[in-house]
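These notes are about the structure you will find just below.
Throughout, read-outs are computed from the coordinates displayed, never taken from laboratory work. Because the structure is predicted, anything quoted here is derived from the model rather than measured. Every residue, glycine as well, gets a Cβ built from its backbone with ideal geometry; the counts of neighbours run over all protein chains shown.
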Amino acid sequence: MHGRLKVRSSAEEAARKRKEQEQKAQKFRAGMGRILMKKVANELDQEMMDLTGRVLSSNPDIATLWNLRRRCIQEFTKEDKDNQTLFDKDLSFTEMCLQVNPKSYCAWHHRCWVLENAPSPNWQKEVDLCTKYLKLDERNFHCWDYRRYVVEKAKVSLEKELDFCTEKIQNNFSNYSSWHYRSKLLPVLHPNKLDPTRPISEEKLREELELVLTAAFTDPSDSSAWFYQRWLLGYSQPELDIAAFRLDIEQELAVISFTRPVNLKHKNVILTFDFDCQFSQGSNWQPISSDCSYDVTWVLQGFRTKLDDKQVVLVHFTDENAKSYTLEAHRQSETSLIAVKIPKFGQEFGDAVLDVLKTQLDSCLQLLEYEPDSKWTLLTAALLMKAIDRRFYHEDIITYLDKLQIVDPMRQGYYRDLTSRWSIENRLEQWIGENGIPNARLDLSGLKLERVCYEQYLSVAEEIDLGANMFTEGSLNKFGYFVFCKRLMLEKCFENGEKAESMVKQLCCDLKNLAVNS
């Protein structure tokens with residue numbers, strides 16, 4: 001028995017831990033009680049610094065105590081504003097707290113405050129500290145965020161930061177923060193001068209796509225590189241623009257739609273037309289969603305005006321930031337105008353980039369032969385097909401999205417939503433044509449749609465066929481955007497047919513001359 005360690009029983013171990021926790025809680029309550037007494041008495045002295053230090057050294061996430069330390073430092077510096085030693089001590093203390101919890105929001109924030117208020121902050125030292133911390137944990141997004149802040153203060157070149165990102169990515173491809181930082185640096189270092197709406201130049205885009213391919217195929221199950229590739233392919237929120245406009249004097253009805261929600265009633269917003277009318281003021285227009293200030297579609301009813309002899313009328317819109325947009329509306333009849341700006345459903349790439357994308361698609365297809373259920377490879381193949389030629393590959397894209405619903409059932413809703421969105425994009429392009437004057441009938445039937453997307457474009461359609469889809473009751477609110485619709489076809493388009501169709505009729509009863517065929 002000699003020389004053997006005594007092993008505590010489970011009951012003894014639990015009792016020991018309970019006693020330790022009680023002692024810690026006692027000390028914490030005593031320390032916090034004393035701190036709060038001194039706070040009430042406004043005693044911002046060295047004892048307050050010591051007390052807050054003891055508590056924060058074990059739990060650095062108490063924002064109130066950091067606030068008290070800042071007040072103490074401000075009090076101390078009233079007598080000696082150039083006391084750099086005081087700030088250096090608190091920087092050292094903050095570093096100690098970050099060793100306890102490297103992801104403490106409060107500690108990182110306090111460090112920023114100390115440096116901003118110190119008489120002689122050493123910003124380069126902070127950059128070096130970040131480098132050190134990111135060696136210990138290269139995915140600490142708090143440290144990455146702090147690094148962006150101190151790099152700007154230290155005037156470190158963006159080229160050096162890009163090299164640092166590359167090094168971190170090469171060490172470990174699964175580094176979301178590094179990929180994200182890269183997406184912020186590249187548009188500044190390698191802007192696309194030919195097309196400002198594109199994030200980076202074509203030449204740099206080719207290089208980045210090759211880097212992503214290496215990362216993604218090293219570990220196909222890791223999502224970080226796949227997400228970065230989606231950014232490179234331009235899958236982001238569309239730029240603000242006028243989407244559609246329609247005017248009918250006989251119906252005393254007008255509608256204007258935008259690619260993103262706007263507030264036509266904002267004091268800085270200007271909406272004008274180059275013909276004599278009395279409804280240019282945004283205050284006369286009403287959003288489709290009456291309970292919102294911002295909407296993609298705005299309607300004007302009950303007005304009187306006349307059209308001159310112009311065949312093309314310009315619609316001018318100036319947003320809150322004084323940026324202007326124009327749309328050409330074409331004469332449809334003696335009393336009506338219509339225009340739809342051809343949507344931009346993705347980036348247009350040059351031949352060199354398309355060659356790289358085709359190579360990546362081939363690689364994805366080869367990988368799928370070995371790993372047919374790789375969800376990231378399936379999704380990326382669909383995204384690449386859409387970037388290369390969304391019309392040609394449309395059926396293959398939908399097939400991949402259908403398979404993803406089986407392979408990745410936790411995200412079925414996301415894949416169904418992509419199916420709805422991309423299917424509508426395909427039909428909208430056919431409906432609008434190349435001249436921006438849409439056909440009378442918009443066919444959205446048989447697309448497995450669960451909801452209506454791009455409702456701003458549907459606001460000017462006269463006839464909409466939504467038959468043979470899978471709409472739910474929750475999607476009915478978008479039907480109110482069919483402002484100019486005179487005939488709505490709903491045959492077999494709802495999971496709960498009779499109930500949903502009766503709700504559609506009730507919802508659309510205020511739209512003029514609407515016929516609902518179910």
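The alpha-carbon of K103 sits under 19 angstrom from the alpha-carbons of these aspartates and glutamates, leaving out residues fewer than 8 places away in its chain: D61, D90, E95, E126, D128, D137, E138, D145. Note on the chain: with charges restricted to the Cβ of Lys and Arg (+1) and Asp and Glu (-1), its dipole about the Cα centre is near 2440 debye. When the listed pairs K184/K204; K193/K341; K344/K403 are checked against a 22 Å cut-off, the alpha-carbon distance exceeds it for K193/K341; K344/K403. Taking a point 7 Å from the Cα of R331 along the Cα-to-Cβ direction, the residues of the stretch 288-311 with backbone N closer than 16 Å to it are 306-311. Taking the C-alpha atoms only, the angle from helix 63-76 to the longest principal axis of the chain is near 60 degrees. Of all lysines in the structure, those lying under 27 Å Cα to Cα from K19, and not within fewer than 8 positions of it along the same chain, are K6, K27. Annotation: extensible slack from T131 through N172 equals 13.3 nm (criterion: 0.36 nm per residue apart, minus Cα-Cα distance).
About its Cα centre, the dipole of the stretch 348-506 is roughly 540 debye, where the only charges are +1 on Lys and Arg Cβ and -1 on Asp and Glu Cβ.
Of interest is the spacing of the C-alpha centroids, which for the stretch 339-377 and the stretch 394-464 amounts to 19 Å. Arranged from fewest to most other beta-carbon atoms within 10 Å of their beta carbon, M470, M48 become M470, M48.
The residue among H330, N172, L367 whose Cα reaches farthest toward the positive pole of the charge dipole of the chain, with charges on the beta-carbon of Lys, Arg, Asp and Glu, is N172. Placing R0 at 45 angstrom, the Cβ-Cβ distance between Q251 and E395 gives a FRET efficiency of 0.70 after rounding to 0.05. Taking label points 7 Å from Cα along the Cα-to-Cβ direction, W123 and R71 give a separation of 3.1 nm.
Cβ crowding within 10 Å ranks D465, D45, D443, D351 as D351, D45, D443, D465, fewest other Cβ atoms first. When V100, V269 are arranged by Cβ crowding within 10 Å, least crowded first, meaning fewest neighbours, the order is V100, V269.
Starting from a Cα-only point model with no solvent, please compute log10 I(q)/I(0) by Debye for the stretch 291-431 at q = 0.13, 0.20, 0.22 1/Å. The computed values of log10 I(q)/I(0) come out as -0.80, -1.21, -1.34. What FRET efficiency comes out for the pair I406/C112, r = Cβ-Cβ distance, R0 = 60 Å, nearest 0.05? Taking R0 as 60 Å, the efficiency between I406 and C112 is 0.80. Modelled this way, with points 7 Å down the Cα-to-C-beta line, the labels at D351 and E491 are 4.7 nm from one another. Using the Stokes-Einstein relation with a Kirkwood hydrodynamic radius computed over Cα pairs, the translational diffusion coefficient of the stretch 181-222 at 25 °C and a viscosity of 0.890 mPa s comes to 220 µm²/s. Calculated from the structure at hand, semi-axes √(5λ) of the Cα gyration tensor in Å is found among (1) 33, 28, 22; (2) 46, 32, 20; (3) 55, 31, 27 as (3). The aspartates and glutamates within cross-link reach of K78, meaning a Cα-to-Cα straight distance under 16 Å and a gap of 8 or more places when in the same chain, are E43, D45. Report the paramagnetic label zone for F141: residues of the stretch 46-84 whose backbone N is under 16 Å from a point 7 Å from Cα along the Cα-to-Cβ axis. Counting backbone N atoms under 16 Å from the label point, the list is empty. Relative to the longest principal axis of the Cα atoms of the chain, the long axis of helix 141-154 lies at roughly 90 degrees. Over all pairs of different C-alpha atoms in the stretch 390-487, the reciprocal of the mean inverse distance, the Kirkwood hydrodynamic radius, equals 14.2 Å.
Can you grab the distance from the C-alpha centre of the stretch 26-76 to the C-alpha centre of the stretch 293-310, Å, no decimals? Taking the Cα centre of each part, the stretch 26-76 and the stretch 293-310 sit 62 Å apart. Within the stretch 242-340, the proportion of C-alpha pairs whose separation exceeds 23 Å stands at 18%. Projecting the Cα atoms of W226, I242, W298 onto the charge dipole of the chain, computed from C-beta unit charges around the Cα centre, puts W226 farthest toward the positive end.
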